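Enquirer: Before anything else, here's the structure in question.
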Amino acid sequence: MTTQPPRFLFLSLCLATVLFGLRPIPAVGDAVPVTTTNATDFIRNSCGTTLYPDLCYTSLSRYANAIQQNPAQLAKVAIGVSLAKARRIASYVSNVSRHADYGADPLTASVLQDCFTNFGDAVDEIHDSLQQMRQMVAAGAESFRFQMGNVQTWMSAALTDEETCTDGFEGVKDGPVKTDMCDRVAKVKKFTSNALALVNSYVAKGIP
């Protein structure tokens with residue numbers, strides 16, 4: 001009697017296939033996937049092109065099995081991580097904004113509202129970038145440049161929106177809200193910056 005694979009393993013493989021578009025397990029005679037060590041080395045080397053290489057590596061190395069040595073997968077996962085961070089901070093800003101006292105500190109309240117709007121735009125732009133990466137089709141050089149040009153434009157716009165959020169606090173007097181928000185947004189900007197750098201690196205390599 002043939003032993004069935006554990007249900008957990010089966011579900012895990014299915015989830016990985018859905019999230020990262022992994023190829024099925026190769027049949028006998030097919031190329032053997034690279035080892036995790038090779039994949040993490042690839043991620044480390046690729047992260048060397050970013051402004052925040054340590055953060056890049058620690059945030060992406062956990063996805064080594066999904067990324068392997070594929071620059072497109074690396075860029076896609078980096079965008080996904082950036083999207084999760086942006087969504088989280090957008091929710092946080094919304095919560096802080098709702099509790100802001102418009103009467104006591106109208107400027108801070110207004111800046112928080114603007115920041116929430118900026119992050120809403122950033123989330124949409126990063127999401128669009130991820131969708132474009134997921135829908136990439138094998139085509140000629142012109143189509144590749146067009147599709148990736150969209151991703152570069154949206155990720156650049158997202159980074160600009162995030163920077164606009166912190167720029168708005170320049171006129172706000174120092175205090176716990178300003179310090180907290182600027183610190184949190186600064187961290188999110190690093191993830192977006194790294195993702196954009198990996199996208200640019202992938203584009204520079206040309207058609208896979």
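We did not get these values from a lab; they are worked out from the coordinates using the rules stated. Bear in mind that the values here come from a model prediction, so they are computed numbers and not experimental data.
Enquirer: Straight-line reach only, C-alpha to C-alpha below 26 angstrom: list the lysines that Lys187 could link to, leaving out same-chain residues fewer than 8 apart.
Expert: Partners within reach: Lys76, Lys85, Lys173, Lys178.
Enquirer: Right, something else. Would you mind computing Rg(Cα) / (2.2 N^0.38 Å) for the stretch 35-205, counting N as its residues?
Expert: Normalised Cα radius of gyration, the stretch 35-205: 1.13.
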